[in-house]
1. When only DSSP loop residues count, what trypsin sites (Lys or Arg not before Pro) in the stretch B:145-226 have their Cβ near at most 16 other Cβ atoms within 10 Å?
2. Compare the Cα positions of A:LEU399, A:THR350, A:GLY472 along the charge dipole of chain A (+1 at Cβ of Lys, Arg; -1 at Cβ of Asp, Glu; about the Cα centre) and return the one farthest towards the positive end.
3. In nm, give the distance between the simple-model label positions of A:ARG371 and B:ASN37, each being 7 Å from the Cα along the Cα-to-Cβ direction.
4. Report, to two decimal places, the Cα Rg of the protein assembly as shown normalised by 2.2 N^0.38 Å (N = number of residues).
5. Quick one: net charge around A:GLY385, please, counting Lys, Arg +1 and Asp, Glu -1 for every other residue with C-beta under 14 Å from its C-beta.
6. Per residue in the stretch B:205-246, which ones lose no less than 50 Å² of accessible surface when going from chain alone to all protein chains (1.4 Å probe)?
7. With a sphere of radius 11 Å drawn around the Cβ of A:ALA239, what net charge do the other residues whose Cβ falls strictly inside it have (Lys, Arg +1; Asp, Glu -1)?
8. Accessible area drop of at least 10 Å² (1.4 Å probe, protein heavy atoms): which residues of the stretch A:230-275 qualify, relative to the chain alone?
Amino acid sequence: MHSATPRTRTHRPAALAAGVTALLTTLVTACSAGGSGDGATAAGGPPRDGGTLRLAVAKEPECLDPHQSPTEAARLLSRPILDSLVHQTAKGAFEPWLAKSWTISPDGRTYTFTLRDDVAFTDGAKFDAAAVVANLNHVVAPATKSLLASSLISAYKSARAVDAHTAEVTLKQPDSGFLGALALPNLGIESPATLKGSAAALCKKIVGTGPFRTTGGLVAQKGIDYTKNPAYDWAPKSAGHTGPAHLDGIKVQIVPDNASRSGALTSGQVDAATGLDPTSTKTLAKTPGFALHKTSFPGANYSYWPNTAEGPLADVSVRKALRAGIDWSTIDQRVNFGQYPSAKGPLSTTTPGYDGSQASAYAYDPAEAARLLDAAGWTGRDAKGYRTKNGKRLRVEHLWSDPSVTNLAVQIQAAAKKLGVEFVEENVDGGTFVKRLLAGDYDIIDTSFSSPGPDVLRVLFGKENIPTPARGVSNNMARYDNPAVEQLFTQARHATDQKEQFRLYGEVQRHITDDAAVLPIYSPVSTFAARTAVQGTGFTADGSADLYSIWLAS
Amino acid sequence: MTRPRIGLWLGLAVLAVLAAMAAFPGLFTGVDPDAANVNALLRPPGGGHWLGTDQNGRDLYARIVYGARPSLLIGAGAVALALVGGTLVGVAAAQLGRVADQIISRLLDVVLSVPGLLLVFLVVAVLGPGSSTATIGLAVVSLPGFARVARAEVISLRGRAYVEAAYGFGWSRPQVVLRHVLPNALGPVLALATVSLGAMIVASSSLSFVGLGPRPPTAEWGAMLAGSREFLALAWWPAAFPGAAITLAVLAITTVGRHLQRTVDGSTV
């Protein structure tokens, strides 16, 4: 019934973290919207065909098949190979891609897609309605063990080929997010012949109708090589150009270390790099000969998610005190060298449906914080200066398993100490993390969650998405349960008008702000840095680098 | 003759300062090494911070001072453990007969055949990261070296006239080993200890560098290097000073160790 909750991501810590980020990113709308940042250079002359782009990426997907993998890396690396039925533009609009057109029944449960009849997979097979049916069924088949894609289309019931080029999809209930899900690489169309192979084989190599193909597939700890699909002639309209890709090929290298990745770029070992940390982006923006392109991920900000169900943060006054008493924005600006915009609500400001009317509630106000803590009964002080109530110290356990947040956590801990709150940093291994997440044994967890629209609020604050041992890992880490908000969610899901949907989600954002159900910190930024000869850069709707339109001036 | 003397005295002076820092860090600085300051990230050396601040705005001088103890103690502890354990094992191999010698020696060969740092990783992976496990891991790796030297020394002393004489006086084997063999075998083992101390400190810093040493926020030189690496393009000081501290400590220890070794070698010839 519910929405986009990757429930099964329990088995591996990496998968969890990845899944969380993935989800975020996935739902994404943001797309190309952000466009290029500082370094974008005006294209000098018409695009030039030829050449191979050498690209360094931070993470390798544990599986290349985006039907299975929830990771951002799988989306980035599968997109060049896979097209989708529909394409989502930066502004959130949908346009034809493999589907020429579509109709939605008045009850919102039947989608009829008219497909292009001139498309072929790179293995020679024709693209047709049977391929669409095979793909949707592959995504939801239990054997696929989809960690994200299946939950993105949780409303899916069945599909059938009406004729060779007409596919009809039936939903269990109306879902305004269905087209958005179809537009993501996770619902990319793969060659039906390959879908019959093993899940493990698909993790190495996928075949699609996209502008590139891979012969060697994904090689663990090395990367993946693409060659262009010379027959490609069905790019979506907003892609900016038609026909085959300009590049002859792309060589992707996995370089996990931040400094090594930007070093590989500046030393000329690669032409471009993605996923750069603030130090690298700050340095690269000033390095002649290189351009930095960036866009904010739409969706939920990188935030501290308080456990609203249990422990000291079950008290809304304490949550509000933390929100007002820690200078989140200064900490973000300093620690991230001004590279990430500070958050002003549960959603990043670039998310369609973001409600800016509550921004002032997120201002720094230490006096108000002290007043709130006093009123909540935390009036005592112990020998170390921490506030106490009935002799018990105000102690908050921050549970995490990603070393990259350390520097931020150090500053937040120091700021909380000034407020009289002890932050205990519990850096645990992935297995322990998942166990405690499911048990609700934490006071704070940190994560971000990119997504193309306000629907993500349901994923993050819907009662049915509270992680439990029975349910598995899901994303309401605040364990937020508000009947008024639940009702708004139901209304929003059935809303057919986007304006009405946004109004309802605006209402949800006000409730979340009133309840201080999240402590937002910054909006994550998707980065693509390249030598200036790399032209035609951009971002897809989910915030990934768009590799189709790139060309090399030299 | 005067040049090595200067080196020796300099080395001893550095060691004395480091030992004092490790023992009484409060005498060298009144600053809290773990106090983060969001308004003073990556401040260059000078002003209120002699050596600047790190990526968390913590005072680098205070962290280097407080880092001396964990940084040096792991290496020293590992050497001490390996020295005691290795000597016992070596003496046992030399004294308990051919079968025992064969078994012990082959076991030592097995340990020595595995690359040292890899073996330490294994030990730390099994026992969990931390100061004590890092110490144990490093001790396990270096124990065979000590055992071999001890065994060789004991075997070479076995036929010496004064040892034979002791048996002649009707002394028991434990008595002979304790009173005559061990004291004479110990010289080269101790020399090895001083020489390997430097290597052990580098190894323990390496462990901390990859996150297998003391847990953050403990100030430790290797961990400080690792933490600063990401910011190298913006600030050289958070990497340079802990790096210099490690280098200086190892140089001083090696200089003093070499001198001791020469003295021991000279006396045994």
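The values are calculated or read from the model by the stated rules, or taken from the named source; none is laboratory data. Note that the coordinates shown come from a computational prediction; the quantities given were computed from them, not determined experimentally. Reconstructed Cβ throughout: ideal geometry from the backbone, glycine too, with neighbour counts over all protein chains shown. Heavy atoms of the whole protein, side chains included, go into the accessibility calculation; ligands, DNA and RNA do not. Shrake-Rupley method; radii C 1.70, N 1.55, O 1.52, S 1.80 Å.
1. For trypsin sites (Lys or Arg not before Pro) across the stretch B:145-226 that sit outside H, G, I, E and B with at most 16 neighbouring Cβ atoms in 10 Å, the list reads B:ARG160.
2. Final value for the positive-end residue is A:LEU399.
3. Rounded to a tenth, the inter-label distance reads 3.1 nm.
4. Relative to the rule-of-thumb radius for its length, the protein assembly as shown sits at 1.12.
5. +4
6. Residues meeting the cut-off: B:GLU230, B:LEU234.
7. Numbers: positive: A:LYS237; negative: A:ASP83, A:GLU95, A:ASP546.
In short, -2.
8. The answer is A:ASP257, A:ASN258, A:ALA259.
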